[in-house]
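Q: Next up is a structure, given as structure tokens.
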Amino acid sequence: MNPNLPNSFRTGPDERGHFGIFGGRFVAETLMPLILDLEKAYADAKADPAFQAEMNGYLKNYVGRPSPLYFAERLTEHLGGAKIYFKREELNHTGSHKVNNVLGQIMVARRMGKKRIIAETGAGQHGVATATLCARFGLDCVVYMGAVDVERQQPNVIRMEMLGARVVPVQSGSRTLKDAMNDALRDWVTNVHDTFYCIGTVAGPHPYPMMVRDFQSVIGDETRTQMQEIEGRLPDSLIACIGGGSNAMGLFHPFLDDPSIEIFGVEAAGHGLTQLHAASIAGGRPGVLHGNRTYLLMDEDGQIQDAHSISAGLDYPGIGPEHSWLHETGRVTYLSATDEEALEAFQLLSRLEGIIPALEPAHAIAKVLELAPKRPKDHLMVVNLSGRGDKDVPQVGDILKGRKK
Amino acid sequence: MTTRIDACFAELAKQGRSAFVTFLMAGDPDPATSLSIIKALPKAGADIIEIGMPFTDPMADGPSIQAAGLRALKAGMTLKKTLEMVRGFRKDDNATPLVLMGYYNPIYIYGVDKFLADAKAAGVDGLIIVDLPPEEDTELCIPAMKAGLNFIRLATPTTDDKRLPAVLANTSGFVYYVSIAGITGGAAADSNVVGEAVARIKRHTKLPVCVGFGIRTPDAARAIAQKANGAVVGTALVDALHASLDGEGRATPKTVGAVADLASALAQGVKGAKQAAE
């Protein structure tokens, strides 16, 4: 642990958008005035009770919150250790936690008078959430998606188009999430006068990492209340998967100052940490990309390396800056799960609990299989089930079919 | 302290004309050809040379410059080799200002202090780092000033009068006005609109103002040179280089000449313009 620990882990970022050395605003001058406007608009919205009330109304009646905190009895029995609870974010409208953040950002965009929304997406969950809320509020929507991801996440591409969004397949670079983010930034620089960039994770220039975290913190806030109601006390451990890390930050943040609670983030180890993977903390180091300083996968010359994960949603060579800081302070422990481990967890959860998870939270489940048996039976463990697996059914089906042959 | 950039603009002022500023990517399509090209540029009429530092994720660049960076990286270009290239250029030319342009991460990984010392020693005069706005001045801008390098800031159509003083505060050498809100190689700006923007910037600073983005032809360069202290051309030169390559993306005997010929034509455009009264 770092000897200079803060009194609170929940006060960041500072006024310049930094979590320790991480975060910041590393963007082209064209975007800076807009980012400063956004920072102000978000601060105003946050302080406005009418904004909060309107947002809570949509969260309840449109998104379907609160999401349940479900005791996974059969998985608990199977593993024979900790009592495992799932925070059921996959039951939200659009099928993942992404909608919490998109709702918040779209409401800020409306306050700013923006009519055109752009987004980047990996697995398509953020794209679907953005397309959905743009449809709901009558806004133009353009979603950038790597051409590789367009191929492997067809169901979500079709959904976005049905919702009226234009999906732009990105052909540059590795044709995955990183490149979709580059092209979204290029669009934003070009159309800065009327366009709002709805970022899908706790990354990017300040105030995005903070704003997205705040909108996702509803996950952890509800978990606190629900666990008190069900078990009469707080959980003992929290686990969530991490690409950029927004579902994890949403679960973790309200618990950061409860020192007795163990917190685990699970990165995608792909083919393994010595091969192609997407584990920025385990295999990267601090650098500057996409508007913030954070842990990144790169070569010795500072060139960004391609990430790999079976899960398009985790396939990103960076991580949100607050996670980098929580790693360096030692408050959160970052683990990783391989493609193979995630696939096994995906199948186990489907059969034991009747819940087909997205490949993203299957990475978190993979580590639950390791951690839960080592904990006592009165240990309360919460896993963020951040998305449902409908989008991954064709891909996983193909992989499993290939193995039977 | 007078830098090569200051001396260059002082000389141009005497001649009563604007600067022709060229941009090419270091190491495109390979380190040796790239050095030959930049060596040919002053003779072709370039007054100031910007050299791109290749980066995998150039968020503010269009497809041409992005592809140029990837060609250079594929040919093994690194930041260290970019500085070697500058040293190679300085062997024969101690007058033409050289400005490195790029993104922060490779410099951050190289190490800021080491980079500044090595760049200065190699003969670099200034830096343009696209993703370092004034809000992040402590990262590189202020150390660069202390190391004796000009930190050239971008001003854009979204930089209003309220923000301009912050943008200009630590800028030296010249101000680079990005004539359009967009990426490199995008739409051309209207020279009258650019003229108004340059005049607006000049109300806040005595520094020369050079204009880039969207300038592709000698006529467009002339129109901009009438309104500003310099016209910057990048994508058009990179496209000419690309057009001269073989099917595998390798240099051909035509490559150096193709770039130099276009540079000469553009330089004629710039030099044919009388600069607007200050």
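Q: Classify chain B: rounded, prolate or oblate, from the alpha-carbon gyration tensor (a ≥ b ≥ c, eigenvalue square roots; a/c under 1.5 rounded; otherwise prolate if a/b is larger than b/c)?
A: Cα axes put chain B in the rounded bin.
Q: List, in order, the whole-Hz ³J(HN,Hα) value for each residue of the stretch B:263-274 obtained from phi through the Karplus relation with A = 6.51, B = -1.76, C = 1.60 and θ = phi - 60°; use x for Gly and Pro.
A: 4, 4, 4, 5, 4, 4, x, 5, 6, x, 8, 8
Q: Per residue of the stretch A:364-380, what does 6.51 cos²θ - 1.76 cosθ + 1.60 with θ = phi - 60° give for ³J(HN,Hα)? Whole Hz please, x for Gly and Pro, Karplus curve as stated.
A: Taking θ as phi minus 60°, the curve returns 5, 4, 4, 7, 4, 4, 7, 7, 4, x, 8, 9, x, 5, 8, 7, 9 Hz for the stretch A:364-380.
Q: Provide the FRET efficiency to the nearest 0.05 for the A:R233-A:T333 pair, computing r from the beta carbons and using R0 = 30 Å.
A: Efficiency, rounded to the nearest 0.05: 0.90.
Q: Further, regarding this structure: With a cut-off of at most 12 other beta carbons within 10 Å, and DSSP calling the residue loop, which trypsin sites (Lys or Arg not before Pro) in the stretch B:1-83 qualify? Please list them.
A: Answer in residue order: no site qualifies.
Q: Under the 0.36 nm per residue contour assumption, what length would be gained going from the current alpha-carbon distance of A:E344 and A:K60 to full extension?
A: Net length gain for the segment: 98.8 nm.
Q: Taking all protein chains in place and a 1.4 Å probe, what share, in percent, of the accessible surface of the stretch B:84-238 do carbon and sulfur account for?
A: Exposed carbon and sulfur together represent 53 percent of the surface.
Q: Based on the alpha-carbon gyration tensor of the stretch A:245-332 and its eigenvalue square roots a ≥ b ≥ c, which shape applies: rounded if a/c is under 1.5, prolate if not and a/b is larger than b/c, or oblate?
A: Here the stretch A:245-332 falls in the prolate category.
Q: Next up: Return the FRET efficiency for the residue pair A:A50, A:L5: r is the Cβ-Cβ distance, R0 is 45 Å, and the value is rounded to the nearest 0.05.
A: Here the calculated transfer efficiency is 0.75.
Q: Summarise the long-distance tail of P(r) for the stretch A:16-122 by giving the % of C-alpha pairs beyond 17 Å.
A: 69 percent
Q: Same structure again: When the Cα centres of the stretch B:117-136 and the stretch A:350-393 are compared, how far apart do they sit, in Å?
A: If we compute the Cα centre of each part, the gap is 48 Å.
Q: Once you mark the GluC sites (Glu not before Pro) that are in a DSSP loop and have at most 15 other Cβ atoms within 10 Å, what is the longest gap between them in chain A?
A: Answer - A:16-299.
Q: Threshold 20 Å², probe 1.4 Å: give the residues of the stretch A:1-44, in number order, that are less accessible with all protein chains present than with their chain alone.
A: A:R16, A:R25, A:F26, A:V27, A:A28, A:E29, A:T30, A:M32, A:P33, A:L36
Q: I would also like to ask the following. Would you please name the trypsin sites (Lys or Arg not before Pro) within the stretch B:170-219 that are DSSP coil residues with at most 13 other C-beta atoms within 10 Å of their C-beta?
A: Here the trypsin sites (Lys or Arg not before Pro) that fit, given the DSSP loop and packing criteria, are B:R203, B:K206.
Q: Then there is this: According to the square roots a ≥ b ≥ c of the eigenvalues of the Cα gyration tensor, what is the shape class of chain A, taking rounded for a/c under 1.5, prolate for a/b larger than b/c otherwise, and oblate for the remainder?
A: The shape class here is rounded.
Q: What does the structure give for A:184-196 when I average, per residue, the other chain Cβ atoms found within 10 Å of the residue Cβ?
A: Mean number of neighbouring Cβ atoms from other chains: 4.
Q: As a check on your grasp of the helix formula, calculate [θ] at 222 nm for the protein assembly as shown: sum -39500 (n - 2.57) over DSSP H runs of n ≥ 4, divide by the residue count, round to the nearest 500.
A: -13000 deg cm²/dmol
Q: Summing Lys, Arg as +1 and Asp, Glu as -1, what charge do residues with Cβ under 14 Å from the Cβ of A:Y197 carry, A:Y197 excluded?
A: Counting the neighbours of A:Y197, the net charge comes to -2.
Q: In terms of modelled amide H atoms, which long-range or inter-chain residues lie less than 5 Å from the amide H of A:N292?
A: Hits under the 5 Å cutoff: A:F26, A:G204.
Q: Something else about it: Tell me, what HN-Hα J-couplings in whole Hz come from the Karplus equation 6.51 cos²θ - 1.76 cosθ + 1.60 at θ = phi - 60° for each residue of the stretch A:194-209, using x for Gly and Pro?
A: Here the 3J(HN,Hα) series is 10, 10, 10, 9, 8, 7, x, 8, 7, 9, x, x, 3, x, 4, x Hz.
Q: Once fully extended, how much extra length lies between A:E73 and A:R16, figured as 0.36 nm per residue of separation less the alpha-carbon to alpha-carbon distance?
A: So the extension gain works out to 16.0 nm.
Q: Across peptide B:124-134, what mean number of C-beta atoms from other chains lies inside 10 Å of a residue's C-beta?
A: 4
Q: What are the semi-axes of the equivalent ellipsoid of the protein assembly as shown, taken as the square roots of 5 times the eigenvalues of the Cα gyration tensor, listed largest first and rounded to whole Å?
A: Calculated on Cα positions only, the semi-axes equal 48, 25, 23 Å.
Q: With Kirkwood's inverse mean 1/r over C-alpha pairs for Rh, give me the Rg to Rh ratio of the stretch A:170-283, two decimals please.
A: Taking Rg over the Kirkwood Rh, I get 1.07.
Q: Give the residue list of chymotrypsin sites (Phe, Trp or Tyr not before Pro) in the stretch B:117-190 that are DSSP loop and have at most 12 other beta-carbon atoms within 10 angstrom.
A: Hits after loop and neighbour filter: nothing returned.
Q: Another question about this same structure. Taking the Cβ-Cβ separation of B:A199 and B:E11 as r and a Förster radius of 25 Å, what is the calculated FRET efficiency to the nearest 0.05?
A: Computed FRET efficiency for B:A199 and B:E11 comes out at 0.60.
Q: A further question on this structure: Quick one: which of B:K39/B:K91; B:K39/B:K254; B:K39/B:K146; B:K162/B:K206; A:K178/B:K114; B:K81/B:K114 span more than 20 angstrom between C-alpha atoms?
A: Long pairs (Cα-Cα over 20 Å): B:K39/B:K146; A:K178/B:K114.
The values are calculated or read from the model by the stated rules, or taken from the named source; none is laboratory data. Everything numeric in this text was worked out from a predicted model, so none of it was measured. When we count neighbours, we look across all protein chains shown, and the Cβ atoms used for this are built from the backbone with ideal geometry, even at glycine. Remember, those area values only see protein heavy atoms, side chains included, never the ligands or the DNA or RNA. Shrake-Rupley method; radii C 1.70, N 1.55, O 1.52, S 1.80 Å.
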